[in-house]
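Asks: Can you keep this structure in mind? I'll have questions shortly.
The values are calculated or read from the model by the stated rules, or taken from the named source; none is laboratory data. Quick caveat, the model's predicted, so the values are computed rather than measured. Cβ placement follows ideal geometry from the backbone for every residue including glycine, while neighbour counts extend to all protein chains displayed.
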């Protein structure tokens, strides 16, 4: 068992994206003693709301003691050709993450797809890369890992509650978040789970492991194979 903490980098297009898709997973990393950084590429608002969204993101990161790096790319206009790759490469060079979480390519939102494409190139040297689900993910999102977040769902909900300007979205509301996590748990273990698509893993293909494998081992927990689809 590797007792040294992991360096974890979660990359989202807008404030709240990472917390929606992987908030429970990040809380689990924090509980395991890992060093968590959240990289947000844009302000998340075309108008004057960017300052509020940034403050909300700082508060959410504080819930799990994460470092927040906030870039100023233009919301709704993220473009792989507009410096995104270089910006993500710079962050990765500074942070040297052991694992990266980001958007799936299977997403209707062009900012999310641009983020995924940029991360896929910039993180080519990172041994563990996985993609989380977003509200705009398509039916082609095919997770192969299911992180047990039963102990951390309340922490995720506190992170989401920091985004007060976004509370009108149903996917930010506690009952919807719980329902989604309960649904995904049927493919893994525990009462609540977050789904991940594996891009690359240093521990091989193991669908029922915790966050890319080693986190579960550090908790000395057994993760059986997920039940078959019926």
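Asks: Filtering region 124-136 down to residues that are without any contact (Cβ under 8 Å) to a residue 40 or more places away in the chain and touching a helix residue (DSSP H, G or I) at 6+ places or on another chain (Cβ under 8 Å), which residue is farthest from residue 92 (Cα to Cα)?
Replies: Of all residues in region 124-136, those without any contact (Cβ under 8 Å) to a residue 40 or more places away in the chain come to 124-125, 136.
Next cut, touching a helix residue (DSSP H, G or I) at 6+ places or on another chain (Cβ under 8 Å) only: 125, 136.
Numbers: 125: 9, 136: 26 Å.
By that ranking, first place goes to 136.
Asks: Residues in region 3-16: is at least one surrounded by fewer than 24 Cβ atoms within 10 Å (Cβ to Cβ), at pLDDT 95 or above and over 23 Å from residue 177 (Cβ atoms)?
Replies: yes
Asks: Let me ask something else. What about residue 90, is it closer than 15 Å to residue 39 by Cβ and without any contact (Cβ under 8 Å) to a residue 12 or more places away in the chain? Outline the logic, then answer.
Replies: Numbers: closer than 15 Å to residue 39 by Cβ: yes; without any contact (Cβ under 8 Å) to a residue 12 or more places away in the chain: yes.
Yes, satisfied.
Asks: When region 71-84 is examined, which residues are found to be free of Cβ contacts under 8 Å to residues at least 40 places away in the same chain and either within 22 Å of residue 33 (Cα to Cα) or crowded, with 18+ Cβ neighbours inside 10 Å (or both)?
Replies: 73
Asks: Right, another one. Tally up the residues in region 96-116 that are touching a residue at least 24 places away in the same chain (Cβ under 8 Å) and assigned to a helix (DSSP H, G or I), please. Even if it seems obvious, please write down each step before you answer.
Replies: First, the residues of region 96-116 that are touching a residue at least 24 places away in the same chain (Cβ under 8 Å): 96-112, 114-115.
Pick out the ones that are also assigned to a helix (DSSP H, G or I) and you get 110-112, 114-115.
So the answer is 5.
Asks: OK, next. Which residue is surrounded by the fewest Cβ atoms within 10 Å (Cβ to Cβ), if the candidates are limited to region 17-37 and must be in contact with a helix residue (DSSP H, G or I) (Cβ under 6 Å, 6 or more places away or on another chain) and not in a helix (DSSP H, G or I)?
Replies: Of everything passing the filter in region 17-37, 32 is surrounded by the fewest Cβ atoms within 10 Å (Cβ to Cβ).
Asks: Another question about this same structure. Output yes when any residue across region 52-69 is assigned to a loop (DSSP other than H, G, I, E, B), touching a helix residue (DSSP H, G or I) at 6+ places or on another chain (Cβ under 9 Å) and without any contact (Cβ under 8 Å) to a residue 40 or more places away in the chain, and no when none is.
Replies: Step one: of region 52-69, the residues assigned to a loop (DSSP other than H, G, I, E, B) are 64-66.
Narrowing the set further to residues that are touching a helix residue (DSSP H, G or I) at 6+ places or on another chain (Cβ under 9 Å) leaves 64-66.
When the remaining residues are screened for being without any contact (Cβ under 8 Å) to a residue 40 or more places away in the chain, the result is 65.
Yes, region 52-69 contains a residue that is assigned to a loop (DSSP other than H, G, I, E, B), touching a helix residue (DSSP H, G or I) at 6+ places or on another chain (Cβ under 9 Å) and without any contact (Cβ under 8 Å) to a residue 40 or more places away in the chain.
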